[in-house]
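As structure tokens, the structure follows; a few thoughts come after it.
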Amino acid sequence: MRHPNFIGAHWHQFGEQPTSGRFDGENLQNGFLDVCDTPYPETIAGIREVGYRLYEIRSKGKE
């Protein structure tokens with residue numbers, strides 16, 4: 001986030017892929033919620049930490 005070419009952050013997917021996988025068979029945790037719409041606490045905590053500190057970290061990179 002300190003790199004001058006860094007312009008933002010996003011998360012790949014809000015919800016989880018189906019248990020049976022997607023069309024190419026990929027099946028892994030990459031969403032904020034599991035297949036039962038239950039949040040992954042560790043993922044949410046990590047994203048919040050980045051969100052809370054994003055501008056602080058970015059502004060220090062310009063010094």
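Could you grab the relative contact order for the chain? Cα pairs under 8 Å, six or more apart, rounded to a whole percent. Don't skip to the end; give the middle numbers.
Values: 56 pairs, mean separation 24.2, N = 63.
Reported relative contact order: 38 percent.
By what distance, in whole Å, do the Cα atoms of the chain stretch along each of the three principal axes, largest value first?
In descending order, the Cα extents are 48, 24, 11 Å.
Relative to the longest principal axis of the C-alpha atoms of the chain, give the angle of the C-alpha long axis of helix 41-60, reported between 0 and 90° and rounded to the nearest 10°.
Approximately 20 degrees, to the nearest 10.
No lab work stands behind these numbers, since they all come straight from the coordinates. Just so we're clear, the structure is a prediction, and the values are computed from it rather than from any experiment.
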